[in-house]
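This report refers to the structure that appears directly beneath it.
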Amino acid sequence: MTKTLSNETKLKIAELLKPILADQFVLYTKARNYHWNVTGNMFFTLHIKFEELYTELANDIDETAERIRTYGLNAPGTMSEFLKLSGLKEEAEATYPDQFTMAKKISDDYDFIAARLNEVGLKLQKEYGDEITAGKLYSIAERYEKHAWLLKSLQ
Ligand SMILES: [Fe+2]
């Protein structure tokens with residue numbers, strides 16, 4: 001059961017959520033980029049899949065940002081902050097990988113974020129006793145692991 005969290009604990013948790021928000025935003029941008037620029041015999045499949053993913057990510061971004069606000073910090077909201085905070089690399093400018101590389105890169109990014117979500121979730125649960133936020137992170141991680149598997153299966 002979640003105990004009552006002090007304001008100080010909530011601020012520490014919000015700080016841990018910032019890189020997750022940044023990862024989600026960088027991946028959102030990459031999924032949009034690939035949705036627009038994918039070519040090849042998997043065009044229809046990937047064009048539709050990338051749209052599904054960025055639509056889902058747009059909701060996830062909002063949830064993470066609003067959780068940060070709920071816990072008392074401002075949510076980062078600029079591209080420069082996202083790029084600094086994220087563990088992901090955005091696609092190089094004017095570079096459009098082939099369809100399978102796009103699928104692999106998105107898949108790897110989902111694996112990366114899922115690992116971070118599980119790691120932060122565990123910390124929130126064990127160190128801060130925030131079962132509710134930990135539970136949210138675990139359930140997002142489960143979805144992301146599935147996306148990673150689906151995209152990897154295209155290779
Ligand atoms: Fe579109």
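Quick note: the coordinates plus some simple rules give every number you see, no bench work behind them. The structure presented is a predicted model; accordingly, all values stated were derived computationally and were not measured. For neighbour counting, all protein chains shown are included, and Cβ atoms are generated from backbone atoms with ideal geometry for every residue, glycine included.
Taking the longest Cα principal axis of the chain as reference, the axis of helix 131-152 is set at about 10 degrees.
Per-residue Cβ neighbour counts within 10 Å put Phe100, Phe43, Phe25 in the sequence Phe43, Phe100, Phe25, beginning with the fewest.
Among the GluC sites (Glu not before Pro) in the range 67-150, those located in a DSSP loop and surrounded by at most 14 other Cβ atoms within 10 Å of their own Cβ are Glu93, Glu127. Helix-only arithmetic for the chain: the sum of -39500 (n - 2.57) across DSSP H runs with n ≥ 4, divided by the residue total, places the mean residue ellipticity at 222 nm at -26500 deg cm²/dmol.
Annotation: amide H of Val38 has no partner in the under-5 Å range at sequence separation 5 or more or interchain, hydrogens built in the peptide plane. Each label was represented as a point 7 Å from its Cα along the Cα-to-Cβ direction; for Thr45 and Ile132 these points are 4.2 nm apart. By the count of neighbouring beta-carbon atoms within 10 Å, fewest first, Met102, Met42, Met79 end up ordered Met79, Met42, Met102. Beyond 23 Å in Cα-Cα separation lie the following of the pairs Lys49/Lys84; Lys30/Lys84; Lys84/Lys152; Lys104/Lys126: Lys49/Lys84; Lys84/Lys152; Lys104/Lys126. Once the chain from Thr78 to Glu52 is taken as fully extended at 0.36 nm per residue, the excess over their C-alpha distance is 7.0 nm.
Applying D = kT/(6 pi eta Rh) to the chain, where Rh is the Kirkwood radius over alpha-carbon pairs, T corresponds to 10 °C and eta to 1.306 mPa s, the Stokes-Einstein value obtained is 99 µm²/s. Computed over the alpha-carbon atoms, the range 83-155 gives an Rg to Rh ratio of 1.08, Rh here being the Kirkwood radius from the mean inverse distance.
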